[in-house]
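Okay, structure first, notes after.
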Amino acid sequence: MIDSHCHLDFEVFDLNRRLVLQQCAVAGITDIIIPGVAPVQWQKLAQLVAAETPLRLWMAAGLHPWWIATASMAVPAFARWLQVWLAQRPCVAIGECGLDGGIECPMDTQRDYFCVHLQMACDLGKPLIVHAHKAHNDVLRLLSQYRPPAGGVIHGFAGSLELARQYWRLGFYIGVGGTISYPRARKTRAALAAMPLESLLLETDAPDMPLCGMQGEPNSPLQLLKVADHLAVLQGLSRDRVQQQTDANARQLFGLHA
Ligand SMILES: [Zn+2]
């Protein structure tokens with residue numbers, strides 16, 4: 001089973017990371033994709049994925065909209081840094097990057113940084129890991145404009161079937177996470193129930209996005225099994241079937257070998 005989006009490098013895991021990884025391996029999680037959120041953290045992330053672990057860890061490099069303000073790196077400098085990094089390090093994707101209409105950072109600024117990632121994805125043919133929150137129209141417009149050839153994933157998806165369809169047309173998968181466990185997320189749950197399994201990836205976004213009933217606690221990649229269970233119930237399928245297809249999807253998108 002593959003967690004396609006987990007921030008395992010974050011400090012909250014510093015004390016128990018080894019234990020969490022062992023538990024994940026025992027639970028049948030084979031691979032975890034760890035997206036970068038800011039250049040200052042990429043080095044630690046690269047060391048983490050290079051270390052000996054009981055399961056496979058993969059890195060992506062990007063600047064998340066929430067970290068733009070603290071990154072204090074101008075757009076041209078960031079573009080150069082990302083280019084150098086992607087040329088020298090094994091990254092399976094570009095991201096986490098995107099747009100967030102719910103934060104203070106001006107949308108123009110966010111767009112400038114997002115476009116650096118989009119251009120790089122076009123130049124290198126790598127998939128994107130996209131954060132899109134309260135900004136779907138802008139994200140869709142930019143994706144249509146750049147048409148990144150390897151597509152990517154809209155992680156932590158919340159929205160309608162019609163919105164998901166617009167992303168599929170652009171070659172993007174939909175990332176299914178903890179939102180699926182909240183009864184009040186009726187629109188998203190109904191949409192996920194109707195989506196083809198071939199278009200979905202599983203994720204936890206740990207330590208963020210705790211499942212329903214676990215609010216206030218840091219989320220863990222171990223919860224991936226519950227995300228899969230929720231999706232299986234919604235789709236009326238076995239967990240094995242969900243696991244098998246979403247694994248194949250993640251391997252295809254990120255070019256992972258079994
Ligand atoms: Zn994330």
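Taking the range 151-171 as the search range and keeping residues that are closer than 21 Å to Leu231 by Cβ and of a type in the set (Gly, Ala, Ser), which one is surrounded by the fewest Cβ atoms within 10 Å (Cβ to Cβ)? Filtering first and then ranking leaves Ser160.
Among the candidates Gly213, Gly236, which residue alone is modelled with pLDDT under 95 and out of contact with any His (no Cβ under 9 Å at 6 or more places or on another chain)?
Result: Gly213 is the single residue among Gly213, Gly236 that is modelled with pLDDT under 95 and out of contact with any His (no Cβ under 9 Å at 6 or more places or on another chain).
Cβ separations smaller than 7 Å between residues 6+ apart or across chains give the following pairs from the range 112-130 residues that are among the hydroxyl-bearing types (Ser, Thr, Tyr) to residues that are surrounded by fewer than 21 Cβ atoms within 10 Å (Cβ to Cβ): Tyr113/Val75; Tyr113/Phe78. Given the criteria assigned to a strand (DSSP E or B) and closer than 18 Å to Ala61 by Cβ, does His131 qualify? Judged against the criteria, His131 is a match.
Taking the range 147-235 as the region of interest, the strands (runs of 3 or more DSSP E) fully inside it that hold 2 or more residues being within 15 Å of the chain's Cα centre (by Cα) and over 22 Å from Phe10 (Cβ atoms) are 172-176.
For Ala61, state whether it is in contact (Cβ under 8 Å) with a residue 24 or more places away in the chain, in contact with a helix residue (DSSP H, G or I) (Cβ under 8 Å, 6 or more places away or on another chain) and not polar (S, T, N, Q). Criteria met by Ala61. Looking only at the range 3-20, residues that are away from the ligand (no atom under 16 Å from the Cβ) and surrounded by 21 or more Cβ atoms within 10 Å (Cβ to Cβ) come to 0 in all. When the range 86-106 is examined, which residues are found to be within 16 Å of Ala132 (Cα to Cα) and either surrounded by 15 or more Cβ atoms within 10 Å (Cβ to Cβ) or touching a Ser or Thr at 6+ places or on another chain (Cβ under 8 Å) (or both)? Those that are within 16 Å of Ala132 (Cα to Cα) and either surrounded by 15 or more Cβ atoms within 10 Å (Cβ to Cβ) or touching a Ser or Thr at 6+ places or on another chain (Cβ under 8 Å) (or both): Ile94, Gly95, Glu96, Cys97, Gly98, Leu99, Asp100, Gly101, Ile103, Cys105. Taken over the range 26-56, residues that are among the aliphatic types (A, V, I, L, M), over 19 Å from Arg111 (Cβ atoms) and within 15 Å of the ligand (Cβ to nearest atom) amount to 4.
With respect to the conditions (1) open to solvent by less than 80 Å² (accessible area, probe 1.4 Å); (2) small (Gly, Ala, Ser); (3) under 29 Å from Asn137 (Cβ atoms); (4) touching a residue at least 24 places away in the same chain (Cβ under 8 Å), Ala69 lacks only one, and its number is (1). For the range 182-229, the set of residues classified as over 24 Å from Trp58 (Cα atoms) and aliphatic (A, V, I, L, M) consists of Ala185, Ala190, Ala191, Leu192, Ala193, Ala194, Met195, Met214, listed by residue number. Residues in the range 236-252 that are hydrophobic (A, V, I, L, M, F, W, C), over 17 Å from the mean Cα position of the chain (by Cα) and open to solvent by less than 50 Å² (accessible area, probe 1.4 Å): Val242 alone. Candidates in the range 133-150 are the residues that are under 15 Å from Arg169 (Cβ atoms) and open to solvent by less than 20 Å² (accessible area, probe 1.4 Å); of these, the one that is nearest to the ligand (Cβ to nearest atom) is Val139. Would it be correct to say that Leu118 is open to solvent by 10 Å² or more (accessible area, probe 1.4 Å) and in a helix (DSSP H, G or I)? Considered against the rule, which asks whether it is open to solvent by 10 Å² or more (accessible area, probe 1.4 Å) and in a helix (DSSP H, G or I), Leu118 comes out as no.
The values are calculated or read from the model by the stated rules, or taken from the named source; none is laboratory data. In this text the structure is predicted, and so the values were computed from the model without any measurement. All Cβ positions, glycine included, derive from the backbone under ideal geometry; neighbour counts span all protein chains shown. Surface accessibility is based on the protein's heavy atoms, side chains included, excluding ligands, DNA and RNA. Shrake-Rupley method; radii C 1.70, N 1.55, O 1.52, S 1.80 Å.
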